[in-house]
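Data first, discussion second: the structure below is written as structure tokens.
The values are calculated or read from the model by the stated rules, or taken from the named source; none is laboratory data. If you're wondering where the values come from, they're calculated on a predicted model, not measured in any experiment. Here the Cβ is made from the backbone with ideal geometry for all residues, glycine too, and neighbour counts use every protein chain on show.
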Amino acid sequence: MESGTLYVVATPVGNLGDITLRALDVLGSVGAIVCEDTRHTRKLLARHGINARLESHFAGNEERKIPLLVESLLNGTSLALVSDAGTPAVSDPGFLLVRACREAGIPVVPVPGPSAMTAALSVSGLPSSSVKFLGFPPRKASARESLFGSLSGDPSALVFYESPLRVRSFLSQARLALKGREIFVAREMTKVFETFYRDPEPETLPEKGEYVIVFGPPNVEEGAKEMEPEELASEVTSLVLAGMTHQEALRRAARKAGISRREAYDIVKGKGARRG
């Protein structure tokens, strides 16, 4: 008997209209949809008039459910794997089901679409020729410190997901450990309260909603040198007098000094001393 196919289907990260025609075709044709939260997925299906059997699959029941799902696929039933938002199996327990299917020789087919990571990168305005996706960071400050230490010199843009309850402490610690990087924060993307921040103060971030945090590559250009506060302020003033906006002048001076725009802003405004 020919086995079924596991379709890995990307679904909206917020706005229910952000789904592809192919995804709707697949979701309406498979034997069952494997999802994290059946209530959440049912809302998406109802919006698009799809009536399908749902199978819950989340971190707590994988050991029990994966053998049953693999058996169903081997018996010829095709399934669609979805997550609550975005692309399944990316910072998501779904990868274990995908791996089990690969090991059993079951076809696994991607149905690409929304991704919180790529959505945030696309509007960040930060260089992204090299990107390192790190998912959710450790909860403990000591573990985060070790992680940040290993990333401080990494030339890539760094992308994290974070919960609203930890975003302030995470960003406060990251700004000190990952100096010299511009920061872009996306909150509640594609939803009613979608908000974007560039180099925000951690305490200004609402403790509600889902967050994606992007750290640009180290903001160091060839020949970057440490600059005293007075020298940095003078550089910014010269650039503004030459016709640049204050924001662009700060950015250019920051690159010259090998620091982030936020650090340059704090130094010029007298909020902090030059940090080596």
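A few comments on the model shown:
- Residue match in segment 58-75 (condition: part of a loop (DSSP other than H, G, I, E, B) and touching a residue at least 60 places away in the same chain (Cβ under 8 Å)): yes
- Total residues in segment 126-146 satisfying the condition of being over 21 Å from ASP18 (Cβ atoms) and either in contact (Cβ under 8 Å) with a residue 60 or more places away in the chain or of a type in the set (Phe, Trp, Tyr) (or both): the figure is 4.
- Against the conditions (1) under 30 Å from ILE33 (Cα atoms); (2) in contact (Cβ under 8 Å) with a residue 24 or more places away in the chain; (3) aliphatic (A, V, I, L, M); (4) not in a strand (DSSP E or B), LEU165 satisfies every one except (1).
- Some residue of segment 233-250 being touching a Phe, Trp or Tyr at 6+ places or on another chain (Cβ under 7 Å), over 25 Å from LEU134 (Cα atoms) and modelled with pLDDT under 90: yes
- Every test in (1) surrounded by fewer than 17 Cβ atoms within 10 Å (Cβ to Cβ); (2) more than 16 Å from VAL109 (Cα to Cα) is passed by GLU36 save one, and that test is (1).
- Of all residues making up segment 83-93, the number that are at pLDDT below 90 and farther than 14 Å from PHE136 by Cβ: 1
- The sole residue among ALA143, ALA120 that is surrounded by fewer than 17 Cβ atoms within 10 Å (Cβ to Cβ), at negative phi and aliphatic (A, V, I, L, M) is ALA143.
- Flag if ASP84 is among the acidic types (Asp, Glu), in contact with a helix residue (DSSP H, G or I) (Cβ under 8 Å, 6 or more places away or on another chain), closer than 30 Å to TYR197 by Cα and not in a helix (DSSP H, G or I): yes
- Checking each residue in segment 15-55 for being part of a strand (DSSP E or B) and closer than 15 Å to THR87 by Cα picks out ILE33, VAL34, CYS35.
- Unique match (being modelled with pLDDT of 95 or more and part of a helix (DSSP H, G or I)) among LEU147, LEU158, LEU96: LEU147
- Given (1) β-branched (Val, Ile, Thr); (2) at pLDDT below 75; (3) surrounded by 20 or more Cβ atoms within 10 Å (Cβ to Cβ), index of the condition VAL220 fails: (3)
- Residue in segment 20-34 that is basic (Lys, Arg) and without any contact (Cβ under 8 Å) to a residue 24 or more places away in the chain present: no
- Candidates GLU203, GLU230, GLU207, filtered to the one that is at pLDDT 85 or above, surrounded by fewer than 16 Cβ atoms within 10 Å (Cβ to Cβ), among the acidic types (Asp, Glu) and not in a loop (DSSP other than H, G, I, E, B): GLU203
- Per the listing LEU44, LEU54, LEU16, LEU73, the residue uniquely under 18 Å from VAL109 (Cα atoms) and surrounded by 12 or more Cβ atoms within 10 Å (Cβ to Cβ) is LEU73.
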